[in-house]
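Take a look at the structure set out below.
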Amino acid sequence: MKNHYIFFLITIIYINYSCKEDVDIGEDSTAFYNVEYLSSYKNIASKLKVKIDTLRIQGDIETSFVGDFSIFNDTLYFSDNFFGYLFRFNKDGSLIDKHIGRGKGPNEVLGFSDTAISNNNYVFLNDGNGSLCIFNKSFEKEEHHIIDWQVTRSYQDIKKNPIPSLIDSYEFDYAMPNIFKQWDKEHVAIALYATHPKFNGYFDTSLYYNYSRILAIVNIKSGKVVDLVGRRSPLYLSYNNLPNFDHFGFEVAKDNVFINFWADPTIYVLDKEKKVAIGKFGVPGIDMKSNYPTTNGYEEAEELFQQHIQDYGNYRYVKFIPGQNLLLRGYTKGKGSLNDGLQIYKDYSLIGDVEVPKNLEIIGAIGDEFYAVSTFSNEENELVIYKINLFND
């Protein structure tokens, strides 16, 4: 009887082990980003200068002043996150029209936190209920979905055994900016994060930093999460845990995706179709404080988050300008700095690194002028945009 019991236990252990082995978690972050540099660093031949003009939105506009600006096809958009309006302005800030609005009507939204605009539609992400709302170019609502994570495992299984290649151990990184982009005609991409007890960046969990995915690809027709893409930067493996800088920005171009991690001077290029890294480039920012401190546990990290962001530099965002084949990257320098930095890359090579006012973020370009907003503005009840011109000294 005893031998039968031992045989039973061995069989169960073998089955459980085999099931785990059958789950392919893919390459680790080091192997995933083991790709060639697309350019070599050279001294910048020309010294770029910056001219900044202030553009104040004029007119009696019904807005809460809480929302985000973006640019698409030479038009300025303002997504009012409180009233649910989508405003359009010309390049000089004059109102063209407004659409949608918050409500339960046939062409209204219950609310949204992020907006993605393309040639085909307008897609709104609502972090309150985890939903997508899709409008066509005539501002008619076509789809509304609660995002379907397609979770098939039990809560107990997920808690006991996080699997990096499955969506059930993740959450969307709602607290951070720029987490939501159009991926292609039928999909959007949303930045991922994790606070799973055994799979997170708050503790020394090598599984997370080695294998965690960074983007969820969601089908806007069905609302289903259909794929997980990317890895975290291998730089994080040199720290025990660095949760306060474990965030990233990304830009989706026609064929590629540019990934920009807060703590890593390298920008990674992913192939959209194959969903693999195909190259990397990037130069460290000037006078950045990058001796990042680690933390021990969730409570300490949360308590020190604001102080860490103020005291240490980070690569805050990237913005791709397709018509000019430019990638702009904004970064903070850390404690004691009076300015932020802005890097300009053309064909993967750095052509300029200039100082800009703190909290300035490029949102796009119309013609030869770049447009920016302040992510921390003292202006109340006013919509303000900045026009930026770069020129050689």
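Condition check: modelled with pLDDT under 95, open to solvent by 50 Å² or more (accessible area, probe 1.4 Å) and on the phi < 0 side of the Ramachandran plot. Does Lys335 satisfy that? I'd like the intermediate steps shown before the answer.
Values: modelled with pLDDT under 95: no; open to solvent by 50 Å² or more (accessible area, probe 1.4 Å): yes; on the phi < 0 side of the Ramachandran plot: yes.
When the stated conditions are applied, Lys335 does not pass them.
Hey, among Ile286, Ile309, Ile344, Ile278, which residue is surrounded by fewer than 20 Cβ atoms within 10 Å (Cβ to Cβ), in contact (Cβ under 8 Å) with a residue 40 or more places away in the chain and assigned to a strand (DSSP E or B)?
From the options Ile286, Ile309, Ile344, Ile278, the qualifying one is Ile278.
Would you tally the residues in the range 355-393 being open to solvent by less than 30 Å² (accessible area, probe 1.4 Å) and aromatic (Phe, Trp, Tyr)?
Going through the range 355-393 one residue at a time, the tally reaches 2.
Examine the range 16-34 for a residue that is over 26 Å from Lys160 (Cβ atoms), modelled with pLDDT of 85 or more and open to solvent by 80 Å² or more (accessible area, probe 1.4 Å), and state whether such a residue exists.
yes
Residues being part of a loop (DSSP other than H, G, I, E, B), closer than 20 Å to Asp184 by Cβ and open to solvent by less than 70 Å² (accessible area, probe 1.4 Å): count how many of those fall in the range 121-152.
In the first step, residues of the range 121-152 are kept if they are part of a loop (DSSP other than H, G, I, E, B); the result is 127-130, 137-140, 147, 149-152.
From the residues that got through so far, the ones that are closer than 20 Å to Asp184 by Cβ too are 137, 147, 150.
Checking the rest, the ones that are also open to solvent by less than 70 Å² (accessible area, probe 1.4 Å) come to 147.
Total satisfying the criteria: 1.
Within the range 92-109, track down each residue that is touching a residue at least 24 places away in the same chain (Cβ under 8 Å) and part of a loop (DSSP other than H, G, I, E, B).
Restricting attention to the range 92-109, the residues satisfying the condition of being touching a residue at least 24 places away in the same chain (Cβ under 8 Å) are 92-95, 98-100, 106-109.
If the condition is that a residue be touching a residue at least 24 places away in the same chain (Cβ under 8 Å) and part of a loop (DSSP other than H, G, I, E, B), then Asp92, Gly93, Ser94, Pro106, Asn107, Glu108 are the ones that fit.
Under 8 Å between Cβ atoms, at least 6 apart or on separate chains: pull out the pairs that start in the range 143-170 with a residue that is closer than 19 Å to Asn200 by Cα and in contact (Cβ under 8 Å) with a residue 40 or more places away in the chain and end on any residue that is of a type in the set (Phe, Trp, Tyr) and assigned to a helix (DSSP H, G or I).
Pro164/Tyr208; Pro164/Tyr211; Ser165/Tyr211
So Thr266 ticks every box in (1) closer than 24 Å to Ser39 by Cα; (2) hydroxyl-bearing (Ser, Thr, Tyr); (3) modelled with pLDDT under 95 but one. Which box is left unticked?
(3)
Tally time: how many residues in the range 169-183 are open to solvent by 70 Å² or more (accessible area, probe 1.4 Å) and among the aromatic types (Phe, Trp, Tyr)?
Selection size over the range 169-183: 1.
Out of Glu251, Glu273, Glu300, report the one residue that is modelled with pLDDT of 95 or more and part of a loop (DSSP other than H, G, I, E, B).
Details: Glu251 fails: part of a loop (DSSP other than H, G, I, E, B); Glu300 fails: part of a loop (DSSP other than H, G, I, E, B).
From the options Glu251, Glu273, Glu300, the qualifying one is Glu273.
Taking the condition over 24 Å from Thr75 (Cβ atoms), open to solvent by less than 10 Å² (accessible area, probe 1.4 Å) and of a type in the set (Gly, Ala, Ser), does Gly352 pass? Walk me through it before giving the result.
On the way: over 24 Å from Thr75 (Cβ atoms): yes; open to solvent by less than 10 Å² (accessible area, probe 1.4 Å): yes; of a type in the set (Gly, Ala, Ser): yes.
Yes, satisfied.
Name every residue in the range 180-200 that is within 17 Å of the chain's Cα centre (by Cα) and either among the polar types (S, T, N, Q) or not in a strand (DSSP E or B) (or both), in order of residue number. Steps first, answer last, please.
Filtering the range 180-200 down to residues within 17 Å of the chain's Cα centre (by Cα) leaves 180-184, 187-194.
Within the range 180-200, Gln182, Ala194 qualify.
The values are calculated or read from the model by the stated rules, or taken from the named source; none is laboratory data. If you're wondering where the values come from, they're calculated on a predicted model, not measured in any experiment. FYI the Cβ positions are ideal-geometry reconstructions off the backbone, even for glycines, and counts take in every protein chain you see. To get the accessible areas, we keep the full protein, side chains included, count just its heavy atoms, and leave off ligands, DNA and RNA. Shrake-Rupley method; radii C 1.70, N 1.55, O 1.52, S 1.80 Å.
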